[in-house]
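Everything on this sheet refers to the single structure shown next.
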């Protein structure tokens, strides 16, 4: 009976996780071609133009983030992310061990940014120079406080939720698909 209960509760837990983290941010390391398919996946990069492999397990993810600071960058939006102690340790360990390798940023499952790991980062400040849409920044504002404005987070969250509701209202409603006519 307990096994069946678990199968019914798993979808509920995944829905709660989706609500808690509306934007997923994953920093993945470059893997070696000799790594098995269990741990790595092939990736074709456009900039730099390269075929490489990416670790399936991220170095850090959205659960390691404490606060953020968005900034415009040549028509796109980038952000600084302050990591918690665990995320800081994972990022520091990676930047010490894997110098001069690529790291790939996945935002909501899409490859948004590729960076070279060229220096040790021990302060827990992770920078993603581009790849966020304005709507994703609003979603981040509902989850994380802006750096140095942590006390104003409730007002920031309320304002971002209001703007997201306006965007949702202004989007056109999807056209219903016609029902197929039965064959005679």
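The values are calculated or read from the model by the stated rules, or taken from the named source; none is laboratory data. Here the structure is a predicted model, which means the values were calculated and not measured. For neighbour counting, all protein chains shown are included, and Cβ atoms are generated from backbone atoms with ideal geometry for every residue, glycine included.
Here is how the numbers come out for the structure above:
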| read-out | value |
| --- | --- |
| Listing of strands (runs of 3 or more DSSP E) fully contained in segment 83-139 that carry 3 or more residues being free of Cβ contacts under 8 Å to residues at least 60 places away in the same chain | 110-117, 125-132 |
| Pairs, first at positive phi in segment 59-77, second surrounded by 14 or more Cβ atoms within 10 Å (Cβ to Cβ) and part of a strand (DSSP E or B), C-beta under 8 Å, six or more apart | 74/130 |
| Criterion (at pLDDT 90 or above, touching a helix residue (DSSP H, G or I) at 6+ places or on another chain (Cβ under 7 Å) and within 28 Å of residue 45 (Cβ to Cβ)) met by exactly one of 131, 124 | 124 |
| Options 168, 157, 149: the member that is surrounded by 14 or more Cβ atoms within 10 Å (Cβ to Cβ) and farther than 19 Å from residue 87 by Cβ | 157 |
| Candidates 19, 33, filtered to the one that is surrounded by fewer than 10 Cβ atoms within 10 Å (Cβ to Cβ), closer than 23 Å to residue 87 by Cα and modelled with pLDDT under 90 | 19 |
| Among residues of segment 21-45, those that are outside any strand (DSSP E or B) and in contact (Cβ under 8 Å) with a residue 24 or more places away in the chain, counted | 4 |
| Yes/no for residue 85 being at pLDDT 95 or above and over 14 Å from the mean Cα position of the chain (by Cα) | yes |
